[in-house]
Amino acid sequence: MAFTRRQIIAGLAGLGGAGVAGLGAGGVRYWLGRPENLTTHDYELIAAPLDLELMPGHLTPAWAYGGQAPGVELRCRQGERLRVRFINKLEVPTTIHWHGIRLPLAMDGVPYVSQLPVLPGEYFDYDFITPDAGSFWYHPHTASSEQLGRGLVGALIVEEREPSGFRHERTLSLKSWHVDQQGAFTDFSVPREAARGGTPGRLSTINGAHAPILELPAGQVVRLRVLNLDNTLTYRLNLPGAQARIYALDGNPVEPRPLGKEYWLGPGMRIELGLQVPMAGTELSLRNGPLRLATLRAVASPEALAEWPPALPANPIAEPDLTAAETLSFNFEWVGAVSVGLAQGAAHSFWQINGQAWDSNDKGCADKPIASLQLGKSYIFELRNLSQYQHPIHLHGMTFKVLASNRKPVIPYFTDTYLLGKNERARVALVADNPGVWMFHCHVIDHMETGLMASIEVA
Ligand code: C2O
Ligand code: CU
Ligand code: CU
């Protein structure tokens with residue numbers, strides 16, 4: 001695909017009057033503005049440096065969307081158009097990818113595949129319809145370890161067309177930060193960790209705060225949207241003693257069922273829970289395995305006791321035709337030792353899909369798709385993890401249906417990311433109904449950056 005720089009720069013001069021954040025002499029303030037001129041976009045979203053106090057008494061030089069890290073929550077309604085003017089006030093090129101949204105390729109935010117990088121000082125107008133309701137998110141697709149690591153991650157909530165049965169909801173964005181005791185960033189990705197489970201951050205946070213206390217209305221059923229916006233961590237989510245039901249997985253409704261003992265939420269994945277908040281004064285703890293992530297405190301509410309809401313309405317995703325589907329195999333493999341004698345600046349390559357490693361320095365990689373699908377046809381993907389580490393396998397542009405696994409019983413469901421366990425084999429299916437070149441990768445960011453990414457073409 002060819003781009004002219006001109007298509008992307010179209011008139012930065014107009015920005016002055018359009019409600020962009022004021023640049024004060026002392027501090028600069030940035031925010032997500034509703035612009036005065038609604039003919040071109042609904043939101044202005046600025047990416048810019050922002051010092052955060054993650055460790056008490058210390059500042060961390062984070063990067064933020066809309067003056068917050070995690071970024072400001074964007075909301076829109078199912079079936080409507082979302083138009084975001086994205087303004088890059090960072091000193092590095094970047095893009096925005098809308099994780100889980102089925103949109104046209106030109107809006108998908110992958111540099112050199114769907115658009116040119118947005119250079120410092122430039123803007124790009126994202127404009128697409130959101131066909132599915134649910135919890136989604138947005139993040140760059142450039143220098144991802146650092147850019148997501150510094151805080152460029154945010155929730156995108158698409159509301160149902162009609163009000164759901166929930167009157168209360170909270171978004172909980174999980175992220176662990178790569179910072180030391182003084183709040184300074186540590187390495188976002190180190191080779192020995194990238195070759196294993198990924199480089200973990202040390203400070204766990206929810207909506208940017210470590211182990212916060214969240215107040216919830218007693219007696220109500222609250223919709224908790226839990227988003228894993230972390231670079232590498234799989235959270236083993238549990239809520240001991242709670243009455244909690246799963247309502248949606250990764251942006252798609254499921255038949256409500258108990259949360260059970262724990263749910264493994266890999267990087268990029270989301271879960272929506274209905275939580276029956278207990279009596280006022282009670283506390284629950286939302287945990288990752290044995291570690292407390294947040295305290296949920298029930299506070300008195302004047303509202304009458306609430307019932308469990310019905311299931312959320314299904315999204316309009318095409319049902320794959322399994323009898324006519326063609327089966328394709330994808331092997332995810334560890335090839336650890338190939339980086340001996342690596343030239344300086346060259347990307348490490350520890351991982352491969354079907355014997356091919358993605359090279360983030362090679363802009364031509366997307367021109368060599370790992371599979372070519374025929375528009376409108378159904379496919380079964382046989383996913384095979386040949387390694388000792390888990391991989392949250394994510395596909396852009398289309399939603400797939402998880403059918404079966406050799407490791408656990410599966411109630412078929414639609415998703416954009418499947419957490420493929422150690423040595424697991426799973427079958428997923430989809431209708432190739434969105435033309436384009438779509439990234440297919442592990443969402444452990446340092447796996448993706450050391451080879452575990454490919455493109456799939458639909459034409
Ligand atoms: Cu969250 Cu390439 O995606
Ligand atoms: Cu994505
Ligand atoms: Cu991986």
**Prompt:** Do we have Leu156 as at pLDDT below 95 and assigned to a strand (DSSP E or B) here?
**Reply:** no
**Item:** Every residue from the range 346-395 that is over 24 Å from Arg427 (Cβ atoms) and of a type in the set (D, E, K, R)
**Value:** Asp359, Asp362, Lys363, Asp367, Lys368
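Just to be sure I understand, how many residues within the range 415-448 are assigned to a strand (DSSP E or B) and either free of Cβ contacts under 8 Å to residues at least 24 places away in the same chain or under 16 Å from the mean Cα position of the chain (by Cα) (or both)?
Kept after step one, since they are assigned to a strand (DSSP E or B), are these residues of the range 415-448: 415, 417-420, 425-431, 436-442.
With either free of Cβ contacts under 8 Å to residues at least 24 places away in the same chain or under 16 Å from the mean Cα position of the chain (by Cα) (or both) added as a condition, the list becomes 415, 417-419, 438-442.
Looking only at that region, the number is 9.
For Ala311, state whether it is modelled with pLDDT under 95 and of a type in the set (A, V, I, L, M, F, W, C). Don't jump to the end; show me each part of the working.
Values: modelled with pLDDT under 95: no; of a type in the set (A, V, I, L, M, F, W, C): yes.
No.
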**Asked** Out of all the residues in the range 364-375, is one or more modelled with pLDDT of 95 or more, outside any strand (DSSP E or B), under 17 Å from Val437 (Cβ atoms) and not polar (S, T, N, Q)?
**Response** yes
**Request:** Would you point out the residue of the range 226-281, among those that are within 16 Å of ligand 1 (Cβ to nearest atom) and on the phi > 0 side of the Ramachandran plot, that is nearest to the chain's Cα centre (by Cα)?
**Result:** Gly268
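Within the group Arg75, Arg102, which residue is touching a residue at least 60 places away in the same chain (Cβ under 8 Å), of a type in the set (D, E, K, R) and out of contact with any strand residue (DSSP E or B) (no Cβ under 7 Å at 6 or more places or on another chain)?
On the way: Arg75 fails: out of contact with any strand residue (DSSP E or B) (no Cβ under 7 Å at 6 or more places or on another chain).
Arg102 is the lone residue from the list that is touching a residue at least 60 places away in the same chain (Cβ under 8 Å), of a type in the set (D, E, K, R) and out of contact with any strand residue (DSSP E or B) (no Cβ under 7 Å at 6 or more places or on another chain).
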**Complete:** Among (1) farther than 20 Å from Val444 by Cβ; (2) touching a strand residue (DSSP E or B) at 6+ places or on another chain (Cβ under 7 Å); (3) away from ligand 2 (no atom under 15 Å from the Cβ), Pro163 falls short only on (2)
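Filter the range 383-401 down to residues that are away from ligand 2 (no atom under 16 Å from the Cβ) and closer than 13 Å to Gly266 by Cβ and give me whichever is farthest from the chain's Cα centre (by Cα). So that I can check it myself, show each step before the final result.
Here is the first cut: in the range 383-401, the residues away from ligand 2 (no atom under 16 Å from the Cβ) are 383-390, 401.
Adding the requirement that they be closer than 13 Å to Gly266 by Cβ leaves 385, 389-390.
Numbers: Asn385: 21, Tyr389: 20, Gln390: 17 Å.
Result: Asn385.
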**Fill in**
Scanning the range 146-161 for residues that are away from ligand 1 (no atom under 13 Å from the Cβ) and touching a residue at least 60 places away in the same chain (Cβ under 8 Å) gives Gly149, Arg150, Gly151, Ile157, Val158, Glu159, Glu160, Arg161
**Item:** Restricting the range 349-403 to residues that are more than 22 Å from Leu105 (Cβ to Cβ) and of a type in the set (Phe, Trp, Tyr), the residue that is nearest to ligand 1 (Cβ to nearest atom)
**Value:** Trp351
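From Ile96, Ile129, Ile101, which residue is away from ligand 3 (no atom under 16 Å from the Cβ), farther than 20 Å from Met439 by Cβ and among the β-branched types (Val, Ile, Thr)? Full working, then the answer.
On the way: Ile96 fails: farther than 20 Å from Met439 by Cβ; Ile101 fails: farther than 20 Å from Met439 by Cβ.
One residue alone meets the criteria, Ile129.
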**Prompt:** How many residues, within the range 391-413, are in a loop (DSSP other than H, G, I, E, B), on the phi < 0 side of the Ramachandran plot and crowded, with 23+ Cβ neighbours inside 10 Å?
**Reply:** 2
**Complete set of residues in the range 404-444 that are away from ligand 2 (no atom under 14 Å from the Cβ) and among the β-branched types (Val, Ile, Thr)** = Val410, Ile411, Val428, Val431
**Asked** If Glu53 passes every condition in (1) of a type in the set (D, E, K, R); (2) over 21 Å from the mean Cα position of the chain (by Cα); (3) buried (at least 19 other Cβ atoms within 10 Å of the Cβ) but one, which one does it miss?
**Response** (3)
**Complete:** Taking first residues from the range 212-223 that are farther than 14 Å from Arg167 by Cβ and second residues anywhere that are polar (S, T, N, Q) and surrounded by fewer than 20 Cβ atoms within 10 Å (Cβ to Cβ), the pairs with Cβ under 8 Å that are 6 or more apart or on different chains are Pro212/Thr295; Ile213/Thr295; Leu214/Thr295
**Yes/no for Lys408 being charged (D, E, K, R), within 16 Å of Asp250 (Cβ to Cβ) and away from ligand 1 (no atom under 16 Å from the Cβ)** = no
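The values are calculated or read from the model by the stated rules, or taken from the named source; none is laboratory data. Worth saying up front: this structure is predicted, and the values here are computed from it rather than measured. Don't worry about glycine lacking a Cβ; one is built from the backbone with ideal geometry, like all the others, and counts go over all protein chains shown.
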